[in-house]
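Novice: Would you mind keeping the following structure in view while I ask a few things?
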Amino acid sequence: MNIFLIIGLLFIGIYCVFVLMLIIGWNNIPTNRQVEYKPDLVVSVIVVVKNEIDTIHNLLQSIEKQTYSKDFFEVIVVNDASNDGTLELLYHLEKFLKINLVIIDLKSNNSNTSGKKLGISKAIAASKGTFILATDGDCEVGVKWIETYVNCYKTNGYKFISGPVTFFSNTFFDKLQIVEFASLIGTGAASIQLNRPNMCNGANLGYEKNAYLQVNGFDGYDYLPSGDDEFLMHKINQLFPSKLGFLKDINAIVKTNAQPSLYSFYNQRKRWASKWNKYLDHRNSILAIFIFFVNLWSIIGIIYLFLGSFQLLFHSLFFIKIAFELFFIGSVLTFFGDHKKIFLIPIVQIIYPFYVVFTALNSYSKSYDWKGRIYKN
């Protein structure tokens, strides 16, 4: 066996242990217990929008249907320089929706702060709630979304709560993204349970307003277009270790749109990958590098198979890796009610290493396009 296969054997072996830990972490996340609480916690729901004229109405309607008392929550929508009529639609909806809707218009941004982080900062400064819930303008939430978060917060006393996110399923490309994204959500959830938080998603987050203020919000990362979720989580974890949780409850699921094209998918993942070397905890950066090399060696393993060169030990471990991933992602999909998509996991497992390596290598390029803006790394 040559040196390349020996190195690959080492990487794949360690990765199998890593996935096993994720399986343990995911399965050990306690299911949220519904306890009767008097609705007395004031919640501020924050949404920063840019050109969401086709989706913001659906989100606000889903929030309007909440079981949580409307006397105890407000919805703050920040318009981030939309040019498609989103702001005008918001003022129109304000007249008809039966919620306490506050609209903030970012008319200009002369600072180095990214649009979304600035929007969240402005919204929190204007908020009345002691607990913040964050989602995106292209999402929809369940009727018990706020109630479930409040329940989890009061029961556990978490400073930061990460919630489950999945996609609407319309096309085959959507279904593939659902499977791939389930692995990311599951990894983030398990890592929080294992007290090694590494990722979460800004489409579904809850955190104590005072915790946000105590870590000075996004200070230090405000110039980055991404990371309004993960960097804040890492900062809160540093100040309040073991006070983070994942809300494993189907009532907390938020659904959003998958990327409509390969180009938009690539730009989204490139944006995410661009922040790997900015983490406060260097272990997260090391993990990102490790995952890159695991996927690189997975590609080598696939190529060896196609060339008819079978290495018993390496490929046996390679198939064990696939089996562990299948079990892990399958468990997450089952939680989301998407168990029928489990058969797509092998397809994603073949594609995944190629796009991870390609995206990681291209994350060093000078710029990328996101929501009509060109961002420079």
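The values are calculated or read from the model by the stated rules, or taken from the named source; none is laboratory data. Note that the structure is a prediction, hence the values are computed from the model and not measured. Note: ideal-geometry Cβ built from the backbone for every residue, glycine included; neighbour counts use all protein chains shown. Surface areas here come from the heavy atoms of the whole protein model, side chains and all, with no ligands, DNA or RNA. Shrake-Rupley method; radii C 1.70, N 1.55, O 1.52, S 1.80 Å.
Novice: Using θ = phi - 60° and the Karplus curve 6.51 cos²θ - 1.76 cosθ + 1.60, what whole-Hz ³J(HN,Hα) does each residue of the stretch 319-331 get, with Gly and Pro shown as x?
Specialist: In residue order, the calculated couplings are 6, 5, 4, 4, 5, 4, 4, 4, 5, 5, 5, x, 5 Hz.
Novice: Amide H to amide H, which residues 5 or more places from VAL102 or on other chains are under 5 Å from it, using H placed in the peptide plane?
Specialist: Those lying under 5 Å, H to H, from VAL102 are VAL75, ILE76, VAL77.
Novice: Which residue fluctuates the most in the chain, going by a Gaussian network model with Cα springs under 10 Å, if the choices are GLN34, GLN177, GLN349?
Specialist: Residue with maximal mean-square fluctuation among GLN34, GLN177, GLN349: GLN34.
Novice: Once the piece of chain linking SER242 and VAL357 is laid out straight, how much longer is it, given 0.36 nm per residue of separation minus the C-alpha distance between them?
Specialist: On the way: separation 115, 0.36 × 115 = 41.40 nm, distance 3.26 nm.
Using 0.36 nm per residue and subtracting the Cα-Cα distance, I get 38.1 nm.
Novice: Which order do the peptides 184-190, 44-50 take when ranked by the mean count of other beta-carbon atoms within 10 Å per residue, highest first? Each step should come with its number before you reach the end.
Specialist: Numbers: 184-190: 23.1, 44-50: 24.9.
Final packing ranking: 44-50, 184-190.
Novice: Keeping every protein chain present and rolling a 1.4 Å probe, give me the accessible area per residue for the chain in Å². If you can, show how the numbers build up before the last one.
Specialist: Numbers: 17100 Å² over 377 residues.
Roughly 45 Å² per residue, with all protein chains present.
Novice: Highest first, please rank the peptides 155-167, 232-244 by the mean number of other Cβ atoms sitting within 10 Å of their residues. Working shown, then result.
Specialist: On the way: 155-167: 22.6, 232-244: 18.1.
Ranking the peptides 155-167, 232-244 by packing returns 155-167, 232-244.
Novice: For the chain, what is the mean residue ellipticity at 222 nm derived from helices alone (per DSSP H run of n ≥ 4: -39500 (n - 2.57); sum divided by total residues; nearest 500 deg cm²/dmol)? Walk me through the intermediate numbers first.
Specialist: On the way: 12 runs with 185 residues, N = 377.
For the chain, the value works out to -16000 deg cm²/dmol.
Novice: Mind giving me the FRET efficiency for ALA323 and PHE168? R0 is 22 Å, r the Cβ-Cβ distance, nearest 0.05 is fine.
Specialist: Numbers: r = 30 Å, r/R0 = 1.34.
My answer for the efficiency is 0.15.
Novice: Provide the FRET efficiency to the nearest 0.05 for the ALA125-LEU20 pair, computing r from the beta carbons and using R0 = 30 Å. Before the final figure, lay out the partial values.
Specialist: Working: r = 44 Å, r/R0 = 1.47.
Efficiency, rounded to the nearest 0.05: 0.10.
Novice: What's the angle, to the nearest 10 degrees (0 to 90), between helix 172-193's Cα axis and the longest principal axis of the chain?
Specialist: Helix 172-193 sits roughly 80 degrees off the main axis of the chain.
Novice: How would you rank 25-31, 291-297, highest first, on the average number of other Cβ atoms within 10 Å across their residues? Intermediate values should be presented prior to the final figure.
Specialist: Values: 25-31: 15.0, 291-297: 18.9.
Going by the mean number of other Cβ atoms within 10 Å, highest first, we get 291-297, 25-31.
Novice: What list of ³J(HN,Hα) values in whole Hz, one per residue of the stretch 253-268 in order, does the Karplus curve 6.51 cos²θ - 1.76 cosθ + 1.60 (θ = phi - 60°) give from phi, with Gly and Pro shown as x?
Specialist: 5, 10, 10, 9, 8, 5, 5, x, 9, 4, 5, 5, 4, 4, 5, 5
Novice: Under a 10 Å cutoff between Cα atoms, tell me which one of PHE265, PHE336, PHE246 has the largest fluctuation in the Gaussian network model of the chain.
Specialist: PHE265
Novice: Grab the beta carbon distance between SER261 and HIS57, set R0 = 22 Å, and tell me the FRET efficiency rounded to 0.05. Before the final figure, lay out each step's value.
Specialist: Numbers: r = 23 Å, r/R0 = 1.07.
Result of the calculation: an efficiency of 0.40.
Novice: Which option, [x] 0.95; [y] 1.01; [z] 0.97, is the value of Rg/Rh (Cα atoms, Kirkwood Rh) that was calculated from these coordinates?
Specialist: Computed from the coordinates, Rg/Rh (Cα atoms, Kirkwood Rh) corresponds to [z].
Novice: Another question about this same structure. Among LEU90, LEU262, LEU22, which one shows the highest mean-square fluctuation when the chain is modelled as a Gaussian network with alpha-carbon springs under 10 Å?
Specialist: So, out of LEU90, LEU262, LEU22, the one fluctuating most is LEU262.
Novice: Expressed as a whole percentage, what fraction of the accessible surface of the chain belongs to carbon and sulfur atoms when a 1.4 Å probe is rolled over the protein heavy atoms? Please report the intermediate quantities before stating the final value.
Specialist: On the way: 10320 of 17100 Å².
About 60 percent, which is the carbon plus sulfur part of the accessible surface.
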